[in-house]
Ligand SMILES: [Zn+2]
């Protein structure tokens with residue numbers, strides 16, 4: 001089943017379920033194939049990093065975001081807060097809008 005992905009890179013989203021429920025962050029990456037997004041500072045996982053002196057990497061434990069399902073996030077409208085994405089079409093022009101206040105989500 002293919003779900004349309006309305007979230008885009010640099011959108012601000014709010015996490016609505018799971019470990020990081022309530023957190024807000026910027027979308028770093030969208031994975032349309034798996035309907036997942038990578039959100040800044042959300043779903044941090046620890047990762048062992050091997051030292052690599054040539055690349056000036058010290059090694060140890062680093063924290064990194066891991067992708068979460070798009071169904072677990074809501075778009076945050078710049079004018080009214082967490083909302084749903086609506087669509088506006090005028091001829092060829094297509095814009096994502098906030099379903100609550102109709103503000104544009106595409107700058
Ligand atoms: Zn709004």
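Would you check if residue 30 is surrounded by 12 or more Cβ atoms within 10 Å (Cβ to Cβ), in contact with a strand residue (DSSP E or B) (Cβ under 7 Å, 6 or more places away or on another chain) and part of a strand (DSSP E or B)? Don't jump to the end; show me each part of the working.
Working: surrounded by 12 or more Cβ atoms within 10 Å (Cβ to Cβ): yes; in contact with a strand residue (DSSP E or B) (Cβ under 7 Å, 6 or more places away or on another chain): yes; part of a strand (DSSP E or B): yes.
Judged against the criteria, residue 30 is a match.
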Review point. Would segment 1-15 turn up any residue that is within 16 Å of the ligand (Cβ to nearest atom), part of a loop (DSSP other than H, G, I, E, B) and touching a helix residue (DSSP H, G or I) at 6+ places or on another chain (Cβ under 7 Å)?
Key: yes
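A quick yes/no check of all residues on (1) away from the ligand (no atom under 16 Å from the Cβ); (2) surrounded by 12 or more Cβ atoms within 10 Å (Cβ to Cβ); (3) free of Cβ contacts under 8 Å to residues at least 12 places away in the same chain:
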position	(1), (2), (3)
49	yes, yes, no
78	no, yes, no
82	no, yes, no
95	no, yes, yes
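Based on what the data block shows, is residue 71 within 11 Å of the ligand (Cβ to nearest atom), under 24 Å from residue 29 (Cα atoms), out of contact with any strand residue (DSSP E or B) (no Cβ under 6 Å at 6 or more places or on another chain) and outside any strand (DSSP E or B)?
No, not satisfied.
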Review point. Do we find that residue 88 is closer than 24 Å to residue 40 by Cβ and away from the ligand (no atom under 11 Å from the Cβ) in this structure?
Key: no
Check your understanding: Do you know which of the residues in segment 97-107 that are within 17 Å of residue 14 (Cα to Cα) and part of a strand (DSSP E or B) is nearest to the ligand (Cβ to nearest atom)?
Key -> 98
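Read the figures in this text as sums done on the coordinates, not as results from a lab. This one's a predicted model, so the numbers in the text were calculated from it and none came from an experiment. All Cβ positions, glycine included, derive from the backbone under ideal geometry; neighbour counts span all protein chains shown.
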